[in-house]
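The values are calculated or read from the model by the stated rules, or taken from the named source; none is laboratory data. Source: prediction; values computed, not measured. No Cβ is skipped: glycine too gets one built from the backbone with ideal geometry, and neighbour counts run over all protein chains shown.
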Amino acid sequence: MKIAIANDHAGTTLKFEVLNFLKEKGHELVNLGTDTTDSVDYPDYVHPLADKVEKKEVDLGILICGSAQGVAITANKHAGIRAAVSWQKEIAALARQHNDANVLCMPARFISTDEALEITQAFLTSDFEGGRHQKRVEKIPCK
């Protein structure tokens, strides 16, 4: 799977843990930064990731910031993005299964590395169920 990952300064340390985990699993990775803990503006990193997911240049995206809220709000401004804030593996799985989420957003300040890896694994191994959820997902974009 080809996965894009981006973060702000609060998510840098966790991002590198997730990148290593994904690399060990054999995924193709696109690191869109930042790679330092110097303060940055998260939209500068979110928009390039959302563009790649929207254009299907990558299969899925992962965003990491302090609370995950800012990156999720920004990503969801893109019409083709369904970004889900997940702080438990069950929420990540349901986001994929019921909402066809294509971007995982994790709150670095509120989860451990082990939790982040479990959340990532659940997100990547869950599939959209379609069925009754399909019509709901189709109603998400504004007309």
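Among residues of segment 59-80 being among the aliphatic types (A, V, I, L, M) and either surrounded by 22 or more Cβ atoms within 10 Å (Cβ to Cβ) or free of Cβ contacts under 8 Å to residues at least 24 places away in the same chain (or both), the one that is nearest to residue 23 (Cα to Cα) is 62. Among the residues making up segment 32-42, those that are at pLDDT 95 or above and crowded, with 16+ Cβ neighbours inside 10 Å are 32, 34, 40, 42. Given the criteria modelled with pLDDT of 95 or more, surrounded by 17 or more Cβ atoms within 10 Å (Cβ to Cβ), of a type in the set (A, V, I, L, M, F, W, C) and at positive phi, does residue 6 qualify? No; evaluated as a whole, the condition is false for this residue. Count of segment 83-96 residues, restricted to those that are surrounded by fewer than 20 Cβ atoms within 10 Å (Cβ to Cβ) and assigned to a loop (DSSP other than H, G, I, E, B), is 2. Residue count for segment 63-75 under the criterion of being assigned to a loop (DSSP other than H, G, I, E, B) and within 11 Å of the chain's Cα centre (by Cα): the result is 1. Based on this model, can you work out whether residue 32 counts as more than 10 Å from the chain's Cα centre (by Cα) and farther than 17 Å from residue 118 by Cβ? So residue 32 passes the test.
Hey, among the residues in segment 123-138 that are without any contact (Cβ under 8 Å) to a residue 60 or more places away in the chain and not in a loop (DSSP other than H, G, I, E, B), which one's nearest to residue 86 (Cα to Cα)? Looking at residues that are without any contact (Cβ under 8 Å) to a residue 60 or more places away in the chain and not in a loop (DSSP other than H, G, I, E, B), I get 125. Screening the candidates 49, 22, 29 for the property of being in contact (Cβ under 8 Å) with a residue 40 or more places away in the chain and either more than 27 Å from residue 141 (Cα to Cα) or surrounded by fewer than 23 Cβ atoms within 10 Å (Cβ to Cβ) (or both) yields one hit, 22.
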